[in-house]
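Read-outs: derived from the displayed coordinates by stated rules, not from any lab. Remember, predicted model here, so these are calculated numbers, not experimental data. When we count neighbours, we look across all protein chains shown, and the Cβ atoms used for this are built from the backbone with ideal geometry, even at glycine.
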Amino acid sequence: MERLFLYLENEVLKARKVESYESLKHPIVWKDLEFEYTTSKLMMINWPILLPELSPTTARSFLDLVGARYPFSPNHEKLESLCPELAFTKDAEEWVFFGGSFNPWHKGHQACLNLLPEDKLCFIIPDRNPQKELKEIEPVSTIIELVKNIKFGKNHYIAPSFLVDFQKNPTVTWIEKLRQMFPQKKLSLLMGFDSFKGLTNWIRAEDLIQNLDTLYVASRLEEKEEQLKALEPVQKIAPHLQVEFLGRHEFEGLSSTKLRSQK
């Protein structure tokens, strides 16, 4: 079983392997990984950099551990009981979630992030589409590829909370969980207009929309009339919901489906 030292710096998780001559004073076992939280900065690196150096089973366990840091993870309570120091605690009035399969991540996705006001705390959540047939995903290589291509802002965090487990995770299920846990927190989604215009067809769409505070929508070649048409059914469900159209960008025509077909 491989062993790691873990350390947090401004909510960024850092890690390093435990050397053969070192020992863990208070070891914690997480699946195929043994770790210890430390306050030492010595030789620490950002956690994604370490993934290729670990065995496949340990890397998956480590990824699962990283995902459990966030309160929307199914394993968050378990991690809090074992090592509360690792739980994500950055304070913010609003949490924005940017979910998708991101297969592959492209400049249109990046434009969505760039258009979001930089003071917004945003979680990037790669996952399977819950309305399509379940497909096996190699989570470690997926995260390595995403981290290589995403240009993160200071308030952006990638959360691999749903990648390791082979199951569907409709947005409404974990949004409802967060609403119960943090009733005063603003919960919002970031998406492209193509996702926005199909929002009312999402799983338990009414429950989801009623539990959200704001939708941040980046353009996808639509006209103003299309925005108003897509906005109407959403506002009927939740008149309180704020919808902010973030504006145009030069990569509106890009799509992951097109890029996959060109390979």
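Solvent-free Debye calculation, one equal scatterer per alpha-carbon of the stretch 34-96: log10 I(q)/I(0) at 0.23 Å⁻¹ equals -1.15. What percent do you get for the relative contact order of the chain when only Cα pairs under 8 Å and 6+ apart count? Value for the chain: 17 percent.
Counting Cα-Cα pairs of the stretch 122-263 in 10 Å increments starting at 0 gives whole-percent bin shares of 10, 35, 40, 15, 0. Using C-alpha pairs under 8 Å with a sequence gap of at least 6, the mean separation divided by the residue count of the stretch 2-86 gives a relative contact order of 27 percent.
About its Cα centre, what dipole magnitude does the chain give when the only charges are +1 on Lys and Arg Cβ and -1 on Asp and Glu Cβ, stated in debye to the nearest 20?
Values: 34 positive and 37 negative charges, 78 e Å.
Dipole of the chain, to the nearest 20 debye: 380 debye.
Ordering 82-94, 52-64 by mean Cβ neighbour count within 10 Å, with the highest value first, yields 52-64, 82-94.
Ranking 111, 240, 140 by how far each Cα lies toward the positive end of the dipole of the stretch 94-262 (charges on Cβ) leaves 140 at the top.
As a proxy for reagent exposure, 237, 124, 158 were ordered by neighbouring Cβ count within 10 angstrom, fewest first; the result is 237, 158, 124. With contacts taken as Cα pairs under 8 Å and at least 6 residues apart, the stretch 97-234 reaches a relative contact order of 27 percent. Computed over every Cα-Cα pair of the chain and binned at 10 Å starting from 0, the pair-distance distribution P(r) comes out as 6, 29, 35, 21, 8, 2, 0 percent. Taking amide H positions as placed 1.01 Å from N in the peptide plane, with prolines and chain starts having none, which residues 5 or more places from residue 33, or on another chain, fall under 5 Å of its amide H? Amide H neighbours of residue 33: none.
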